[in-house]
């Protein structure tokens, strides 16, 4: 669900250049080709993956703490499924080639596939589900790799589907969002708005119904553009009467610096807006939501912002966007909202002719941006990318088979172990490998140790000279000894 | 790397029907479309995902035990990268549509992208890496969903890249494979062969060089077809002299029931075969490999099988395929081998004009087949798909805000907790939800408990009537008490 704020590229050029690794390769057939990943995609090396997996684990634990289960859906969907759900962004959808099969497209987000999934489950199973999904999505967007904006990227979605009492699931989704961002220690605040307030505001100002979504997506750019630029888009590009545009500008700008409670109170006093049933409902929703957020201790993390519109067509109720504080330099890091009619677009109607819909609310965490922030905070060489706890080292004449025998014992005991895959490795090189891979313990054997049925165990983190070549143990005690040592450093 | 044995569909029709869920939907615009996932793809619900994630975790732990790190590569690659690496299977590659960008295709396996990755890393970084990757791959194949043959499916790959002393990494890859299949308790054996023995055998029989790969892929079908059918493919379809075909058949069938050591000894006595340098090298390789496998206690898991050829073009040394015992009904469950020249196809030549290649060996575990087996072993309703440990229940008048307050305390203490998101839920429905989701503990509040600053904690697994509505605790002790109880059931 995370908005990708693509349309800004029309106005701004990225200040940092996009980095790609590429070279020309000549193959045997003398046909040369570019050795690179496709534009807007990238590889992640083992150090980056260690950080990414930690991040995914952290987020998963929070989702699970709230009782969420996970599902999986295909990377591509029937093209019809994705059509008409993303407003102006639909042109960014990737299609598969026609190879004599069905018309398919790569998923643009995880929300529409989730709604399609719910519609296909049949009534009973899908009535109520809290689900998370951590998976790749695809957008033919202009990439800015340094800011974590790619064509292939992960989203982490948490959604609550089903009929519940009002605003209770909405509050929990925001709690999940706050807990996640707190856990990764990224300072943020949440912009909050309501689609029905926004639609009401547009309607009372006189925006024609068929222009509401497109005017809405113009307003959404106010976080990056001046009002005059947005007004130009509304009037020149989208043909809105300038007088109507001015009224919208007046509403949105007048209250810009008010705190949430004051702003809500002001809106409640606006009889013109309150005469619109949807807007009045939206204001009542926000008031109840704020009560629940107070119970969850996150009332102060949200701020009502009438300029937040969110481009996607499917939102119907509260909408929100988490923004990292300026120091982090990445802007929006998570977004979502309520989408009560999306499932109904897929599931058809019941016998009474009513759409079989399932109300939903959710959030999508822009994990690539969190990853950019986390990477900028640490040195690559300090990251341990393997889980190895023990390195088996030989002193002297190689002892390959003896090392293999030892490492097999360790593996069979469930201990993460490695050795240098050479017949006669140099001692020095074995030490270097052990240290470079941040392996905490070394098991050392020489002919002497073998003859006496012993091994040496050395704590590699302990730079104490007295430790020397480690301490001698009976080989039969090796596993017990190591398991004990490993327990002491387990987190 | 797992071969998908697609070409058999030319000969056999699946005995069980492919299951798909699909229905026609009429949208507001009165345009109807099919509600389904694309052919050969499927959704996984939360119970299936719980089993899949357990499986992935089990496999990951074994990979990590051997010091493997993980990397990530894009789901699609530049089309040139994938071309010409898969022999007859190349026609199964999925292409992306031309939308005014680069020509891209979905990855067919994880091996070619890994080789491309290594070539792009530059010499220093990529000299030696043990990496695993668990990710989706794509094949426009004829699906047999019930047997775990899909168009979108996961592969779990473990590979060792780099210059080591001979057969040491090959032995470790086989150890990893055996440990994995043992861990998921699937009875299996491993067919083993060597590309150079096979190529030598073809050459001494008189197969022209340009026909070696295509004849090889015909031989590979001997596990499913009679010799006569394979011979027909060789001679009628592929234009091989029938006398040459007979010689090949003679070699392969003569030794079919010999044990590995006997068969190797026989081949060593075959002066015609041993005159071929490649074949002699292959036999020496296998002998050394078997010595190492004995150290790793897995000598008895492998069986030399001259009919194993494996279709992919990139193999250069030992090749293997793990086959589940007949009772499991799925056939090949993992496969792999040595591919020493694949990186060189991407990385070009060094200053001396030699290809900058990196020798590699690996295995790909067909995790969809393992998943099919694991699912057939258990009842869906017995699977706990959430991690929730505590369910907060109210007796009497709803107490919504009090339940929210309690659950917030539990979340903030890191406890997985849930509650019914209704203002006034019925007691009965709360019990049912708690039991259905296999949640072990309930925290129960009523007005009485609230007035006395107490909560009741009930062990839901304990059907003892004396437990009744649970035991009373001071609310301030709730977290400590629950943490203790949860520890006792943690695995």
Item to complete: Test each condition in (1) part of a loop (DSSP other than H, G, I, E, B); (2) under 35 Å from the mean Cα position of the chain (by Cα) for residue A:239 and report the one that comes out false.
Response: (2)
Worksheet item: Within the range B:91-105, which residues are more than 7 Å from every other protein chain (Cβ to nearest Cβ), modelled with pLDDT of 95 or more and assigned to a loop (DSSP other than H, G, I, E, B)?
Response: B:93, B:103
Response to the item:
Inside the range A:347-385, the number of residues satisfying the requirement of being more than 27 Å from residue A:110 (Cβ to Cβ) and surrounded by 20 or more Cβ atoms within 10 Å (Cβ to Cβ) is 1
Worksheet item: Would you say residue A:6 is in contact with a helix residue (DSSP H, G or I) (Cβ under 9 Å, 6 or more places away or on another chain), modelled with pLDDT under 95 and facing chain B (nearest Cβ under 7 Å)?
Response: no
Practice prompt. Test each condition in (1) buried (at least 17 other Cβ atoms within 10 Å of the Cβ); (2) touching a residue at least 40 places away in the same chain (Cβ under 8 Å); (3) not in a loop (DSSP other than H, G, I, E, B) for residue A:450 and report the one that comes out false.
Written response: (1)
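Listed here are the residues, each with its yes/no results for (1) under 30 Å from residue B:387 (Cβ atoms); (2) modelled with pLDDT under 95; (3) more than 7 Å from chain B (Cβ to nearest Cβ); (4) assigned to a helix (DSSP H, G or I).
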| position | (1), (2), (3), (4) |
| --- | --- |
| A:29 | no, yes, yes, no |
| A:37 | no, no, no, no |
| A:41 | no, no, no, no |
| A:54 | yes, no, yes, yes |
| A:59 | yes, no, yes, yes |
| A:64 | yes, no, no, yes |
| A:67 | yes, no, no, no |
| A:89 | no, yes, yes, yes |
Item to complete: Check A:257, A:220, A:210 and return the single one that is farther than 30 Å from residue A:66 by Cα, assigned to a helix (DSSP H, G or I) and without any contact (Cβ under 8 Å) to a residue 40 or more places away in the chain.
Response: A:210
Item to complete: Name the single residue, out of those in the range A:152-190 being under 12 Å from residue A:370 (Cα atoms) and without any contact (Cβ under 8 Å) to a residue 12 or more places away in the chain, that is nearest to the other protein chains (Cβ to nearest Cβ).
Response: A:182
Worksheet item: For the range A:180-195, how many residues meet the condition of being surrounded by fewer than 22 Cβ atoms within 10 Å (Cβ to Cβ), part of a helix (DSSP H, G or I) and touching a helix residue (DSSP H, G or I) at 6+ places or on another chain (Cβ under 7 Å)?
Response: 1
Fill in: residue A:305 vs. criteria under 17 Å from residue A:200 (Cα atoms) and within 14 Å of chain B (Cβ to nearest Cβ)
no
Worksheet entry | Selection within the range A:386-401 - more than 35 Å from the chain's Cα centre (by Cα) and surrounded by fewer than 18 Cβ atoms within 10 Å (Cβ to Cβ) | A:395, A:396, A:397, A:398, A:401
Item to complete: Could you pull out every one of the helices (runs of 4 or more DSSP H) wholly within the range B:269-375 that has 3 or more residues that are touching a residue at least 60 places away in the same chain (Cβ under 8 Å)?
Response: B:277-295, B:342-347
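One line per residue, one yes/no per condition, for (1) closer than 18 Å to residue B:198 by Cβ; (2) touching a helix residue (DSSP H, G or I) at 6+ places or on another chain (Cβ under 9 Å); (3) away from chain A (no Cβ under 14 Å):
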site	(1), (2), (3)
B:268	yes, yes, yes
B:287	yes, yes, yes
B:295	no, yes, no
B:313	yes, yes, no
B:327	no, no, yes
B:347	no, yes, no
Worksheet item: Which ones in the range B:97-124 are farther than 18 Å from residue B:78 by Cβ and in contact with a helix residue (DSSP H, G or I) (Cβ under 9 Å, 6 or more places away or on another chain)?
Response: B:123
Item to complete: Could you check, for the range A:106-115, whether at least one of its residues is in contact with a strand residue (DSSP E or B) (Cβ under 9 Å, 6 or more places away or on another chain) and at the interface with another protein chain (Cβ under 7 Å from one of its Cβ atoms)?
Response: no
Practice prompt. May I ask you to list the residues in the range A:78-87 that are more than 7 Å from chain B (Cβ to nearest Cβ) and within 25 Å of residue B:153 (Cβ to Cβ)?
Written response: A:79, A:81, A:82
Worksheet item: Among the residues of the range B:394-429, which ones are at the interface with another protein chain (Cβ under 7 Å from one of its Cβ atoms) and farther than 16 Å from residue A:62 by Cβ?
Response: B:401, B:404, B:405, B:421, B:422, B:423
Fill in: Boolean, residue B:432 is more than 30 Å from residue B:162 (Cα to Cα), outside the structural domain of residue B:150 (by the TED database) and assigned to a strand (DSSP E or B)
no
Fill in: Qualifying positions in the range A:376-408 - assigned to a helix (DSSP H, G or I) and modelled with pLDDT under 95
A:376, A:380, A:381, A:382
Worksheet item: Just for the range A:127-140: of the residues that are assigned to a loop (DSSP other than H, G, I, E, B) and surrounded by fewer than 20 Cβ atoms within 10 Å (Cβ to Cβ), which one is modelled with the lowest pLDDT?
Response: A:127
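The values are calculated or read from the model by the stated rules, or taken from the named source; none is laboratory data. If you're wondering where the values come from, they're calculated on a predicted model, not measured in any experiment. Because the Cβ atoms are built from the backbone with ideal geometry, glycine has one as well, and the counts that use them run over all protein chains shown.
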